[in-house]
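Please read the structure below before turning to the comments.
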Amino acid sequence: MTQSHRDPENRNQNPGNPINKGSKSSHPSLNTRQNDQMRNNTGRASSASFVARVALLASLALIFSYVEAVIPYNPGIPGVKLGIANIVTVIALYRFGAKEAAAVNVIRIIIAGLLFSGLFGMLYSLAGAALSLAGMIVLKKTGLFSVIGVSMAAGVLHNLGQLLVAAALIEDLRIFFYFPVLLFSGIAAGILVGFASAIILSRKFI
């Protein structure tokens, strides 16, 4: 009698029992589903965070673009601008990364082009922004340049990108005689943007 009472317990505790095998085999699949669900939730949260950051930064950059558009500043030289909206791009690159900086640039240029500068202004700005952002990413990765140095190079590359588009549109290479003017204006604007960006990054306003 004692042995017969023990047998059910032994069968339940036996690792070879099919009941125990079934109960154990269900745990890995459950854990896998839970892990997949957690990864999906994390991915959705990350995407939502990215969209929120880009929307906020792009809105701020658009405000700067509007401020620059209404500032009564006319040096009388085509292509020469303050470029204060690029402060947001520099901050986005250093604080968040290249993906955020690129998204902010594209959104800001397209909307600002529709509101202020027109189609050709949008085209020039996209070319300059693409070249300047690529240069900033490369220089930042080297770790050899400060924020001001990276921004100064970006200002020069931005003007060079616009000049390349202008040369392609008018099909006249003599326009590159205008590059020294854009070189110095790009350096000056880049230093101004870099200095403002360095202050904001050091104070951790964003």
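A count restricted to segment 90-135 and to residues that are part of a helix (DSSP H, G or I), aromatic (Phe, Trp, Tyr) and under 14 Å from the mean Cα position of the chain (by Cα) stands at 1. Scanning segment 116-146 for residues that are surrounded by 15 or more Cβ atoms within 10 Å (Cβ to Cβ) and either over 14 Å from Gly161 (Cβ atoms) or touching a strand residue (DSSP E or B) at 6+ places or on another chain (Cβ under 8 Å) (or both) yields a total of 6.
Every condition in (1) in a helix (DSSP H, G or I); (2) over 16 Å from the mean Cα position of the chain (by Cα); (3) over 21 Å from Val67 (Cβ atoms); (4) free of Cβ contacts under 8 Å to residues at least 24 places away in the same chain is met by Met152 except one, and the failing one is (4).
For Leu201, the test of being in contact with a Phe, Trp or Tyr (Cβ under 7 Å, 6 or more places away or on another chain) and touching a residue at least 60 places away in the same chain (Cβ under 8 Å) is passed. Among the numbered criteria (1) in contact (Cβ under 8 Å) with a residue 60 or more places away in the chain; (2) buried (at least 21 other Cβ atoms within 10 Å of the Cβ); (3) within 19 Å of Leu56 (Cα to Cα), which single criterion is violated by Val104? The number of the failed condition is (1).
Condition (residue is of a type in the set (Lys, Arg) and under 16 Å from Phe64 (Cβ atoms)) applied to segment 106-115: is it met by at least one residue?
So the first thing to find is which residues in segment 106-115 are of a type in the set (Lys, Arg), and the list is 108.
Narrowing further to those that are under 16 Å from Phe64 (Cβ atoms): 108.
Yes; the residues of segment 106-115 include at least one that is of a type in the set (Lys, Arg) and under 16 Å from Phe64 (Cβ atoms).
All of the numbers you see were taken from the coordinates with simple rules; none came from a lab. All of these numbers come straight from a predicted model, not from anything done at the bench. Using ideal geometry, Cβ is built from the backbone for each residue, glycine included, and neighbour counts are taken over all protein chains shown.
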